[in-house]
Structures are given as structure tokens and as C-alpha cells.
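Quick notes on the structure that follows.
Derivation of every value follows stated rules applied to the coordinates shown; laboratory data play no part. Treat the numbers as computed from the prediction; the structure is a model and nothing was measured. A quick note on method: Cβ atoms are made from the backbone with ideal geometry, for glycine too, and the neighbour counts reach across all protein chains shown.
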Amino acid sequence: MITLDGVAYAYPDAEVFALEKVNLHVPAGEILGIVGASGAGKTTLAKAIAGFVPHVDGGELSGTVTVDGIGIADVRLAEAVAKVGLVIQNPFNQISGAKYTVLDEIAFGLENIGTPREDMIGQVRAAADLLRISHLLDRSPYALSGGQQQLVAIASMIVMRTPVLVMDEPTSQLDPAGTRMVFDVLSSLRDAGTTIVILEHKLEMLREHADRVAVIADHTIAAIGDPRQILSDPRTAEWGVGATRVTTAAREVSARGLQTSGPLLPVSVEDALIAFATEES
Ligand SMILES: Nc1ncnc2c1ncn2[C@@H]1O[C@H](COP(=O)(O)OP(=O)(O)O)[C@@H](O)[C@H]1O
Ligand SMILES: [Mg+2]
């Protein structure tokens with residue numbers, strides 16, 4: 001569904017590349033988690049998949065970005081937007097500033113593509129129900145908490161029903177319950193065939209919900225694979241990714257000689273229950 005082939009990109013007037021030698025294939029119906037240190041290039045990668053680089057930011061993009069058979073840098077932004085919904089890093093910046101209510105805000109994209117009003121309302125209500133923000137539909141988009149704004153930003157992309165969703169730290173303003181709810185929604189969209197790329201620091205959530213995890217380090221993909229394998233890799237510190245509390249504890253415990261079962265360190269509590277299980281007598 002998404003293919004990047006030899007992609008390099010530099011922002012206008014930048015002296016260094018924000019992305020270099022990026023090769024990536026994401027099949028349809030996958031959740032790909034993206035992790036990496038601050039400044040590694042995660043947001044730029046998200047914008048390249050969505051066509052915002054080069055269409056919005058300018059700069060030079062080389063190599064090819066193909067989404068659903070379309071060369072995303074070669075088509076107009078309107079065509080790219082029909083393929084990929086991008087939830088940007090700061091939800092406040094996603095709010096259009098053109099609408100007085102959350103309902104109209106979520107409807108903004110549908111309105112732009114000429115969806116009839118009666119269809120639009122139903123679709124907006126369904127997206128709001130999914131993200132449990134129906135009670136906010138009559139409010140001003142500016143009279144919301146950061147977490148509520150983030151859910152509105154997510155709803156405004158989900159409502160477009162694009163084949164691909166790219167989410168740049170979509171749970172940064174959410175508490176654990178809100179985070180879990182968003183990941184459950186994303187998993188159900190994935191099960192219905194949507195391809196999802198999610199930039200996320202909450203590693204337990206990626207362990208539980210992502211099909212694969214990619215590490216961005218120094219402006220390129222340093223590793224990609226099974227979430228548990230990547231997130232328990234000894235190089236996570238070097239990649240600037242950190243580790244879950246479970247992995248950290250398991251590493252300390254195994255350094256003192258207690259062996260876990262299997263070759264991989266646990267990442268989630270569920271992994272740990274299996275890894276440290278002892279024979280019942
Ligand atoms: N608008 C911009 N103009 C110039 N350089 C930028 C811009 N946005 C990001 N960069 C640079 O591109 C690199 C990658 O940034 P970014 O993709 O935002 O990383 P991340 O999301 O992993 O923190 C960094 O070196 C950053 O300073
Ligand atoms: Mg970023």
C-alpha cells in the first residue's frame with residue numbers, strides 16, 4: 001500500500017538531509033509503529049508519506065513515494081489527501097480555525113470534497129461516537145482540553161475514510177484510558193483494511209497493537225520488524241528509543257543470572273508473565 005524507494009529529503013535552506021536512503025514497504029491492512037529519537041526524522045517521514053513534503057514544506061525530495069499506486073509527490077496535494085489522512089503532531093495546529101463547532105470542524109474535510117450535508121452529518125456522528133466525543137459536537141473547537149482537541153483531530157481524519165492513516169504522536173495529550181481507546185479504534189480500522197502508520201513513544205501500546213515497528217535513527221530506517229523483537233533489542237538505547245519498564249526490569253534480572261524463557265526479553269507485562277513463568281509443582 002505504501003512504498004518508499006530510495007527516498008531522500010532536505011527542507012528548504014537546510015544544510016543536512018532530514019531523510020536519507022529510506023526504503024520502506026507497508027502492506028495494506030498493517031499497523032506500522034515508528035519510533036526514534038527526537039530529530040531523527042519521524043515527522044518528516046510521516047509528511048513524506050502524506051505528500052506534505054514536498055507539497056506543503058517545499059524542499060527537494062528524491063526517490064519515490066508510492067501510495068495505493070500513486071506517486072504521491074507527483075500528484076496535486078488534493079489527490080494525495082484523498083489517499084492519506086495525516087494527523088499532525090500538535091492537535092492545536094490541526095484545527096482549521098474556520099469552524100465554530102466541533103461538528104463542523106470534523107466535517108471540514110468532507111465539506112471540501114463536496115459531501116452532501118445529510119451524508120456528512122451521519123459520518124461525523126459515527127466518527128465522534130467511535131472516539132467517544134459525541135458530547136462535544138456543539139462546542140467550540142477552541143473550548144476543549146488538549147486531549148479533547150487531539151480526539152477531534154483524529155476524528156477529522158478518520159471521517160475521511162482514506163485507505164491510509166498516518167498519525168504523528170496522536171496520543172501525546174491523552175491519559176492511559178484515552179490512549180488505549182485510540183489504539184483500540186486504530187486496531188478495528190486496521191482489521192477493516194485501513195493501513196496505519198503511527199509515530200508513538202508509548203512502547204507498550206506498540207507491542208500490543210502494531211504489526212511491525214520501524215526505528216528511525218539518523219534520518220533513515222535503522223531497523224524494522226516484529227514489535228517485541230525490535231523493542232527488546234539491545235540497541236534501543238543507542239537508537240534513542242528507550243525501553244519499557246518491563247524490558248528494563250527483565251534486563252536487570254537476567255544480568256543477575258535469572259534466565260527468562262525464550263530468546264527475547266519481555267516488553268509487556270503479558271510477555272513477562274510467560275517469560276518468568278515457573279513450573280507449577
Ligand atoms: N520545517 C523544517 N525546516 C528545516 N528543518 C526541519 C524542519 N522540520 C524538521 N527539520 C529538521 O529535520 C530533521 C528531522 O526532524 P523531524 O522529522 O521533525 O524529527 P522527529 O519527528 O523524529 O523529531 C531534524 O534535524 C529537524 O531539525
Ligand atoms: Mg516529530
### Task
Please find, in a Gaussian network model of the chain (springs between Cα atoms separated by less than 10 Å), the residue of Pro116, Pro163, Pro27 whose mean-square fluctuation is greatest.
Pro116
### Per principal axis, descending, Cα span of the stretch 144-274 in whole Å
52, 31, 27
### Task
Relative to the longest principal axis of the C-alpha atoms of the chain, give the angle of the C-alpha long axis of helix 102-112, reported between 0 and 90° and rounded to the nearest 10°.
70 degrees
### Query
Which percent of Cα-Cα pairs in the stretch 1-129 sits in each 10 Å bin, short to long?
11, 37, 33, 17, 2
### Restricting the stretch 174-248 to trypsin sites (Lys or Arg not before Pro) in coil, as DSSP defines it, with at most 13 other Cβ within 10 Å
Arg235
### Task
Jot down the per residue volume, in cubic angstrom and as a whole number, of the convex hull over the alpha-carbon atoms of the stretch 94-190.
94 Å³
#### Entry: Listed pairs Lys21/Lys83; Lys21/Lys42; Lys42/Lys202; Lys21/Lys47 exceeding 20 Å between Cα atoms
Lys21/Lys83
### Message
Angle check, please: helix 245-255 long axis (alpha carbons) against the longest principal axis of the chain (alpha carbons), in degrees 0 to 90, nearest 10.
### Response
20 degrees
### Message
Tell me which trypsin sites (Lys or Arg not before Pro) from the stretch 45-121 have a DSSP coil assignment and no more than 15 other beta carbons within 10 Å of their own.
### Response
Arg76
### Query
For the chain, treating each Cα as an identical point scatterer without solvent, what Debye log10 I(q)/I(0) comes out at q = 0.10, 0.15 1/Å?
-0.55, -1.13
### Query
Normalised by the number of residues in the stretch 143-281, what is the relative contact order in percent for Cα pairs under 8 Å and 6+ residues apart?
16 percent
